[in-house]
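A.B. asks: I have a structure I would like to understand better, so I am pasting it below and will then ask my questions one at a time.
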Amino acid sequence: MTLTLRPATPFDAPAFHAVMLAAGMDARSSWTRTTLKDLERSLLAPDAGGFIAVDGGEVIGCIGFRPNGGQTLTLNRLATLPKARGQGIGTALVRAVEQVASERGYEQVLLAVSQFNLEVIPYYERLGYVVDEAADYAFRSLGSPKPVVMVKKVTQRISSNLDQRCDEIVGKLAELRKLDPNCLIFGLETHRYELHPPLSEEELEQIVRHLGIDFPEDYARFLRTVCNGGAGPDYGLFPLEKSLRLAGPLSTSHPFPHRFAWQPLFGGYDYGELSKKGELSNYMDTALPDSQSEAYDAWHDSYWDSKHNSGCIQVGDGGCGHETLLVLIGNERGNMWQDSRVSDAGIVPLKDSGGKARITFLQWYEDWLDRSIREAQGKL
């Protein structure tokens, strides 16, 4: 396949329309009622447009966009021919529209999923879109059920800020290396400030297309400009390839299930005074009576079910079996969590230095650097 993406012109409308009709949409959807004239009006509306994917002169994919107010660009009419699916074409088309949104200064990209096509929601979640029940969709078809609206923030607008932060991280790592030449800071004896070579943009794009998933922008920028694993909090960062291998298939196919700290207690076990204070004991080291053993085994199997850490990857080793997680899919996308089930403390969100707000990958890494520098200077 020799794939080319280019902006759609008025002359491309018939081929664009043909791909739409070949996509196999449910006959009850307004999509199937879209005429060629409807499509032309949509593509030629002020500030609207689209892209087509071409292979050997044949149009095999398409996507449209149009403004939805001053802050939002609507993505619509994404389709690929059935024979061309599973090759990352849809992801490339979505990214083309997101790039338009970035260049034109929109704050978010919005799309509407037909009630007759809900099976595509996980696909968009993998690309970073989340369901937003409060979002306004201006182009709803009045003859169809209310669609599911999904949005994605246009993080590319802060690219220069991310570049600056990554440059500062490289400088702070060099400063910390000078302050702590004997690697006395916790965890540094394992990686000793080693930085694995960054991924090229082409290498990361190949992974994205293969998995059909987009990574949070700050993490992707870090992989491209700082390192692909090495020096970092606790026992260091894993290369992306290892993170994906450790996480398994649910990491890139199902949303992260938690919004709040999660720790189901075993019903028959006495957690003592700690549980009464809203805290948890570190280990269940008291033997259970035989009458409870079977129930505990069932609870244990459920507790360790891999579904509880789906939609995320393990980016680092927290030590003693604790896993540091970056959420890829769902409402917690971009936030850092910790899987501490090994010590019966559940799966919990990591917070900023004030202990209140959620923390993203770069914030988590920067906090570690700043704290380590203060420690090496004797200021902690």
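A.B. asks: Within segment 1-53, track down each residue that is free of Cβ contacts under 8 Å to residues at least 60 places away in the same chain, part of a strand (DSSP E or B) and not charged (D, E, K, R).
C.D. replies: Across segment 1-53, the qualifying residues are T4, P7, G49, G50, F51, I52, A53.
A.B. asks: Based on this model, can you work out whether L199 counts as touching a residue at least 12 places away in the same chain (Cβ under 8 Å) and open to solvent by less than 60 Å² (accessible area, probe 1.4 Å)? Let's see the steps before the verdict.
C.D. replies: On the way: touching a residue at least 12 places away in the same chain (Cβ under 8 Å): yes; open to solvent by less than 60 Å² (accessible area, probe 1.4 Å): yes.
Answer is yes for this residue.
A.B. asks: Okay, next question. If E58 satisfies all but one of (1) under 26 Å from A18 (Cβ atoms); (2) touching a helix residue (DSSP H, G or I) at 6+ places or on another chain (Cβ under 7 Å); (3) at pLDDT 90 or above, what's the number of the condition it fails?
C.D. replies: (2)
A.B. asks: Can you tell which of V113, V154, V94 is in contact (Cβ under 8 Å) with a residue 12 or more places away in the chain, more than 21 Å from F215 (Cβ to Cβ), open to solvent by less than 30 Å² (accessible area, probe 1.4 Å) and under 20 Å from the mean Cα position of the chain (by Cα)?
C.D. replies: On the way: V154 fails: more than 21 Å from F215 (Cβ to Cβ); V94 fails: more than 21 Å from F215 (Cβ to Cβ).
Result: V113 is the single residue among V113, V154, V94 that is in contact (Cβ under 8 Å) with a residue 12 or more places away in the chain, more than 21 Å from F215 (Cβ to Cβ), open to solvent by less than 30 Å² (accessible area, probe 1.4 Å) and under 20 Å from the mean Cα position of the chain (by Cα).
Residue by residue, here is whether (1) at pLDDT 85 or above; (2) out of contact with any helix residue (DSSP H, G or I) (no Cβ under 8 Å at 6 or more places or on another chain) holds:
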position	(1), (2)
K242	yes, yes
P264	no, no
G268	no, no
S275	no, yes
L280	no, no
Y283	no, no
T286	no, yes
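A.B. asks: Which residues, counting only those in segment 325-344, are assigned to a strand (DSSP E or B) and under 15 Å from the mean Cα position of the chain (by Cα)?
C.D. replies: L325, L326, V327, N335, M336, W337
A.B. asks: Examine segment 70-80 for a residue that is open to solvent by 40 Å² or more (accessible area, probe 1.4 Å), out of contact with any strand residue (DSSP E or B) (no Cβ under 8 Å at 6 or more places or on another chain) and touching a residue at least 24 places away in the same chain (Cβ under 8 Å), and state whether such a residue exists.
C.D. replies: Among the residues of segment 70-80, not one is open to solvent by 40 Å² or more (accessible area, probe 1.4 Å), out of contact with any strand residue (DSSP E or B) (no Cβ under 8 Å at 6 or more places or on another chain) and touching a residue at least 24 places away in the same chain (Cβ under 8 Å), which makes the answer no.
A.B. asks: Now a separate question. Given (1) closer than 14 Å to V19 by Cα; (2) open to solvent by 30 Å² or more (accessible area, probe 1.4 Å); (3) more than 25 Å from the chain's Cα centre (by Cα), where does R85 come up short, assuming only one miss?
C.D. replies: (3)
A.B. asks: In segment 345-357, which residues are open to solvent by less than 20 Å² (accessible area, probe 1.4 Å) and in a loop (DSSP other than H, G, I, E, B)?
C.D. replies: The answer is G346, and nothing else.
The values are calculated or read from the model by the stated rules, or taken from the named source; none is laboratory data. Source: prediction; values computed, not measured. Quick reminder, even Gly has a Cβ in these numbers, built from the backbone with ideal geometry, and neighbours come from all protein chains shown. Ligands, DNA and RNA are stripped out before the accessible areas are found, and what is left, the full protein with its side chains, is counted by its heavy atoms. Shrake-Rupley method; radii C 1.70, N 1.55, O 1.52, S 1.80 Å.
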